[in-house]
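The values are calculated or read from the model by the stated rules, or taken from the named source; none is laboratory data. All values derive from a computational prediction rather than experimental measurement. Note: ideal-geometry Cβ built from the backbone for every residue, glycine included; neighbour counts use all protein chains shown.
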Amino acid sequence: MLSLIGSAAGVPQGRYTWVMASTHPRVQVTVDAELAAAMDAVDPHPQSRSRLIRDLAIRGAEAERDERERRDRAIEHLLSISSGETDYDFDAARTIHAEREAGRG
């Protein structure tokens, strides 16, 4: 017969742990070829694959946030040019662009 341990009603004593690693939700991630390559590029032999995946996810989220902020600032700048709030010399920009294109040829 199963013994009752704390709130783990019906869990055999040998299978119950008193200490939980985390109370946060967990997700399953399939390590496909693309993810495996990304993990290997950072650390081919990590002490903890879970920790590596977590760190990569956090760094990826930071990169996405930074890119979104950069894009938003660029849009604000372009809108300020189009509204006349920011002076912009279109002729000088054309000249600079033409010089760059000529240097590539």
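Worth pointing out:
- Residues located in the range 56-105, provided they are acidic (Asp, Glu) and more than 30 Å from Val42 (Cα to Cα): Glu76, Glu85, Asp87, Asp89, Asp91, Glu99, Glu101
- Condition check for Ser50: surrounded by 10 or more Cβ atoms within 10 Å (Cβ to Cβ), modelled with pLDDT under 95 and in contact with a Pro (Cβ under 9 Å, 6 or more places away or on another chain): no
- Note on the range 47-69: among residues that are of a type in the set (Gly, Ala, Ser) and under 12 Å from the mean Cα position of the chain (by Cα), the one that is nearest to Leu35 (Cα to Cα) is Ala57.
- Unmet criterion (only one of (1) at pLDDT 95 or above; (2) in a helix (DSSP H, G or I); (3) more than 18 Å from Val29 (Cα to Cα)) for Ala102: (1)
Rundown of residues vs (1) surrounded by 10 or more Cβ atoms within 10 Å (Cβ to Cβ); (2) not acidic (Asp, Glu), yes/no style:
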position: Ala61; (1), (2): yes, yes
position: Arg65; (1), (2): yes, yes
position: Asp72; (1), (2): yes, no
position: Glu76; (1), (2): yes, no
position: Ile81; (1), (2): yes, yes
position: Gly84; (1), (2): no, yes
position: Asp89; (1), (2): no, no
position: Ala92; (1), (2): no, yes
position: Thr95; (1), (2): yes, yes
